[in-house]
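Encoded as structure tokens, the structure appears first; notes follow it.
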Amino acid sequence: MAGATPSVLVMELAELQHGSTTLADAPTRGLRAQLRLRLTWNDMEQLIKDVIYACRAITRAPVLSAVVIASLAVGIGVNTAVFSWIQAFVFRPIPGVADAGSLYLIEPKTEAGLRPLVSWPEYQDLAARITSLPDLVAYRMVPFNVGEASRTERSYGLMVSGNYFGALDLSAEAGRLLTIDDARRGRMEPVVVISHDYWMTRYNASTGAIGQSLRVNNRDLTIVGVAPRGFQGTVIGLQFDLWVPATLAPVVLGSRELDDRGQRGYSVMGRLPSDRARAEVDAQAAAAMTELAQRHPETNAGVSAEVLPFWRALRGPQGFLLQALALLQGVMLLLLLAVCGNTANLVLARASVRQREIGVRLAVGAGWWRIVRLLLLENLMLALIGSALGAVLAMWATNALRATPMITLSVPVRFQTSVDAMGLLFAIGLGILCAGMFGAAPAMQLARVDPQMVLRNGAAMPPRNRLRNTLIGVQVGLASMVLIVAGLFLQSFRSGQGSDPGFKTEGVLLAAYDLTGRDTDDASERLFSARLLEQLRALPDVESAAIAVAMPLDIHGLPTRSFVLEGRARVDGNRDRALSNTVTPGYFAAMGIPILQGRDFVEMANISRPPEAMVNDAFVSRYLADGEVVGRQLEQGGKTFEITGVVRSSLYQSFGEPPTPIVYLSYRDRPYASGEIHVRTRLADEEMLAGSINRAVRALDATLPIYNVRTLTQHVDLNLALRKIPARMFVVLGPLLLILAATGIYAVVSYSVAHRTSEIGVRLALGATAERVVSQIVRESLRVIIVGAGVGWVIVYAVFIHLSPGAPIDLVAFVGVPAALLAVATFASWIPARRAAQLDPTTALRAD
């Protein structure tokens, strides 16, 4: 700085500090650079000192710091965990596929609100008409018997269109993936692609697996490639082992689905190009469905379509989980706000012992912003430590999700959730936001103290503080909202567990068999099921036995079929639709579903009777409210059935669904190669019958295994599996939030009492009883608490009646939870009040 006078340096420094210096104003470029460097270093040095001071301040109050850090860690951790799950489902719904958010589903919808899937011919029509979604792909979930007939294993795969992997922009881990040529009808070489996990476990990741033959449903398929690592299929949460061209369905499944428009089993999706508008896709899909309804009224009349982002898929486990996660994220954010309110009360309570320190700083010339910065930095340090611990907690929670019992489903479930860089940024962002929320008000309060009053009296804040009351009211209000919502969710979960599904779950054992690929026909499949029922019903301790194609409350859902009902004419000429299931005689007895009118199906061997159907009372209410039901004719799939009985409605797709029409058909009239065995037993433990069922099946076919053996209770419980995750979180977080609320109330009341020592001493000296002092302090605290809790209660109640109009009020949630919160708050207020009332008046007056 040669040639620069001291006065110039002082002026330059002052200008730089006030931000008024520009490049043109400085005497020399080198002087400006050195001054800026010195100022930058001074700022860094000051920041380091502030950080050291903040760390010392934290260590001087270890208990308070530990409570703050732990509560923030829990609040930030659960929020980060839920965010990671939402991130996995919304932003990465298909693991291994880049930009999966641009994939859209074409979802058919009937006038009755049912959602059938797409048939293969319909998919081809849609692919030709919806040009805004190029490379429209189709896929459907299929169980396969893999291996020789004497030692098969059950695997799940997808039947896919030939452009499936190309449209997803995937590359093979080994070999090649399926192409359009592989899915051409009439192709002679049957091929299959296996998953990376299947390749690792069955072939030890050997490239020699490529070209080998894999026995699938007693058909040899050539392995042409391995799917990329991490890719598990295109049904959210489900993991598949095999991908087979859909055009092999007649060979592998013995199915007529390639030509039958009534067989709706495919999901259809495509990638929306960046230069195309969503409205264009909607318009093309609507026009395509209108045209198909005119051309094929027997299968498409009254069927429209919705275009939905892939993450909003309506089938599989994601249907409920996404709604639950959205609700859970909102509740967890409320929980974090309650934690911030609690922390603000703790920080404010601690401020009472720091006023002299702050007063000294202000007296020696520190500005109010300097005080605010110091305190905010201290709070930021606490929040960042809480964020770090919260991120660790979130990582543990995501690992726990992957290890949930949902893997006991017949289809392997795998949620690829993880806390990545975005999740860590989310946790840090929450920490910074929390630091500002709980630290700003106490910091501003301390920065405005009168240093003269503090140094003279040792206190500056008045005993009755509006900020303190506001913070405690907000904290209690938020806590009451979270606790009431948690109570509603837990009650809903418990009611789902205890609600009547319309059938008797106890005492029924389930098992599946599959004859697919064994060169069977309708006659042999009918004969096998009839003989199997005879074997099962002859077993000791068996009350009844039956076979069904589909299961209620299953992850796959029940199919929907169109029908024409005798005596019901529609003006528009469209066909009605209802859920459908095919069952054997004795199914309703095995399930405990009462027959309200008519009779059950005739026995399998009775071929003299015409085809029969049964319906539920929801079907009667919707379609036959004013007429005789039994004996009415129903046409479906080109066959005419006579309705022989009406059964009580039950749950079919999920808990909480409205009464839904269903048509039951008989195995006698529509035999299947596969089935779900239902055996109602007198044994106390249904699973003791598993060996007998296996022997009964092997007596008819020594090479036929049974799969997915479980009780009906276990099967139904799987429908509630996804609800258990947030329910378990609420079970832990509810009591924790009560403890946090009690801690905050205790701290604030203790702080208030500490400032009222003189007042309490005077009242006691004048003859006031300890009980009266305690009563007054508790009443003053409860007035604020009741107002805060009341506001929270009103908000939750208003939202509840808006979302669930006409629903009964849950007294446990809306009365019991607030009562518990008030009881905890009263106790937390009583403890410091009681301690203050036990003071010696002389000591209290002298202490002041």
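The values are calculated or read from the model by the stated rules, or taken from the named source; none is laboratory data. The shown structure was predicted, so the numbers you read here are calculated from the model rather than taken from an experiment. Here the Cβ is made from the backbone with ideal geometry for all residues, glycine too, and neighbour counts use every protein chain on show. Heavy atoms of the whole protein, side chains included, go into the accessibility calculation; ligands, DNA and RNA do not. Shrake-Rupley method; radii C 1.70, N 1.55, O 1.52, S 1.80 Å.
Shape summary of the range 505-641, radius of gyration then Dmax from alpha carbon positions: 16.6, 55 Å. Between the beta carbons of E771 and A421, assuming R0 = 56 Å, the FRET efficiency works out to 0.45 to the nearest 0.05.
Of the peptides 191-197, 794-800, 282-288, 91-97, the order by per-residue mean of other Cβ atoms within 10 Å, starting with the highest, comes out as 191-197, 91-97, 282-288, 794-800. Taking the range 84-125 and a reference point 7 angstrom along Cα→Cβ of S274, the backbone N atoms nearer than 13 Å belong to 99, 102. What share of Cα pairs, in percent, lie more than 20 angstrom apart in the range 583-675? Beyond 20 Å sits 35 percent of the P(r) for the range 583-675.
Only protein heavy atoms count here; under a 1.4 Å probe, I809 has an accessible surface of about 70 Å². Given their separation in residues at 0.36 nm each and the Cα-Cα distance between them, A699 and A625 gain 21.9 nm when the chain is fully extended. Taking 0.36 nm per residue of sequence separation and removing the Cα-Cα distance, the S206/M688 pair yields an extension gain of 169.4 nm. Can you compute the FRET efficiency between R783 and I432 using 1/(1 + (r/R0)^6), with r the Cβ-Cβ distance and R0 = 30 Å? Round to the nearest 0.05. Computed FRET efficiency for R783 and I432: 0.30. Think of the range 63-158 as having a plus end and a minus end, set by charges on the Cβ of Lys, Arg, Asp and Glu; of F144, L105, P121, F144 sits farthest toward the positive end of this dipole. Sorted on the mean count of surrounding Cβ atoms within 10 Å across their residues, most packed first, peptides 64-73, 774-783, 544-553 read 544-553, 64-73, 774-783.
Could you calculate the FRET efficiency of A112 with R834 from 1/(1 + (r/R0)^6), where r is the beta carbon distance between them and R0 is 51 Å, rounded to 0.05? Efficiency, rounded to the nearest 0.05: 0.20. With all protein chains kept in place, the per residue accessible area of the range 657-711 amounts to 37 square angstrom at a probe of 1.4 angstrom.
Extension gain for I739 to S804 (0.36 nm times residue separation, less C-alpha to C-alpha distance): 20.4 nm.
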